[in-house]
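The values are calculated or read from the model by the stated rules, or taken from the named source; none is laboratory data. This one's a predicted model, so the numbers in the text were calculated from it and none came from an experiment. Cβ: placed from backbone, ideal geometry, glycine included. Neighbour counts: every protein chain shown.
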Amino acid sequence: MDALSDLLEPYSDAIGKVAGTITTLQFLSGAALINDIRKKGCSDVYPVGPFLGGIVLCVLSIKLGMIMGDQTMLKVNVIGFAISSIYMVGFYYYASSENKTKLWSKIGYVTLFLLACIAYANFEDPAQIEFRLGMLITSILIWLVGSPLLAIPKIIEKKCTEGMPFPIIFAGQLVSTAWMLYAISIRNNVMVFQNLFLWILGAVQLSMFALYPNTPAPKSPAAKKAGKKDSKKDK
């Protein structure tokens with residue numbers, strides 16, 4: 001690790017800029033989902049977690065960037081916070097009246113959580129908070145990135161990756177790779193662990209695309225007959 005850090009250290013600024021650019025482009029991937037919501041005219045069938053989670057991650061990362069004095073991290077996450085906030089406004093706009101009440105409740109919980117984290121970061125020992133805040137961010141990232149892994153048993157059963165968002169997963173893999181290289185170059189072990197773990201989660205998901213097609217295999221005549229018989233029995 002030290003040898004790789006020595007090799008990358010002279011290029012840390014350039015690596016940070018590349019990582020920031022890729023991350024900003026990844027933030028824009030949510031525009032496709034907002035566009036789908038716009039076409040449907042309603043956001044109720046979509047989970048709000050990715051949008052609220054994006055806001056939480058950006059706010060905590062801004063605080064961590066301030067503690068570390070890392071301008072690259074600050075700039076990227078300020079942009080990410082602005083984009084995620086716009087997505088959240090769009091999501092709320094297309095929500096039904098009933099769901100808007102639930103959204104306000106979730107926004108309230110998220111706001112209280114962020115206020116508690118920021119207050120804790122302001123009073124905690126600076127020698128401790130960088131590691132602890134980094135671990136908190138890592139935990140939230142693992143939850144957001146790793147949640148699609150819950151669908152892997154079903155994917156293996158169907159032998160098809162239909163429904164898995166390849167562009168988003170692939171973009172996430174590029175982001176984790178870029179930030180891991182940046183972390184190595186500045187010798188930040190917390191960021192290295194964080195992005196290495198995310199890289200492994202992404203690799204597991206991408207391996208599904210190598211093993212299985214994106215569309216289900218056509219049913220054989222025998223399977224179709226069996227399906228018709230089952231449907232008749234149900235009737």
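Based on what the data block shows, is residue 122 over 24 Å from residue 193 (Cβ atoms) and modelled with pLDDT of 85 or more? It is true that residue 122 is over 24 Å from residue 193 (Cβ atoms) and modelled with pLDDT of 85 or more. Can you report the number of residues in region 109-131 which are touching a Leu at 6+ places or on another chain (Cβ under 9 Å) and either under 15 Å from residue 66 (Cα atoms) or of a type in the set (Val, Ile, Thr) (or both)? So the count comes out to 8.
Under the condition of being in contact with a helix residue (DSSP H, G or I) (Cβ under 9 Å, 6 or more places away or on another chain), farther than 18 Å from residue 121 by Cα and polar (S, T, N, Q), the residues counted in region 54-96 number 4. Based on what the data block shows, is residue 5 touching a Lys or Arg at 6+ places or on another chain (Cβ under 6 Å) and either under 26 Å from residue 81 (Cβ atoms) or not charged (D, E, K, R) (or both)? Yes: the conditions hold for residue 5. Taking helices (runs of 4 or more DSSP H) as the structural unit, those lying wholly within region 146-235 and holding at least 1 residues that are exposed (fewer than 14 other Cβ atoms within 10 Å of the Cβ) and modelled with pLDDT under 70 correspond to 166-185, 221-234.
Among the residues of region 48-59, are any without any contact (Cβ under 8 Å) to a residue 40 or more places away in the chain and surrounded by fewer than 18 Cβ atoms within 10 Å (Cβ to Cβ)? Within region 48-59, none of the residues are without any contact (Cβ under 8 Å) to a residue 40 or more places away in the chain and surrounded by fewer than 18 Cβ atoms within 10 Å (Cβ to Cβ).
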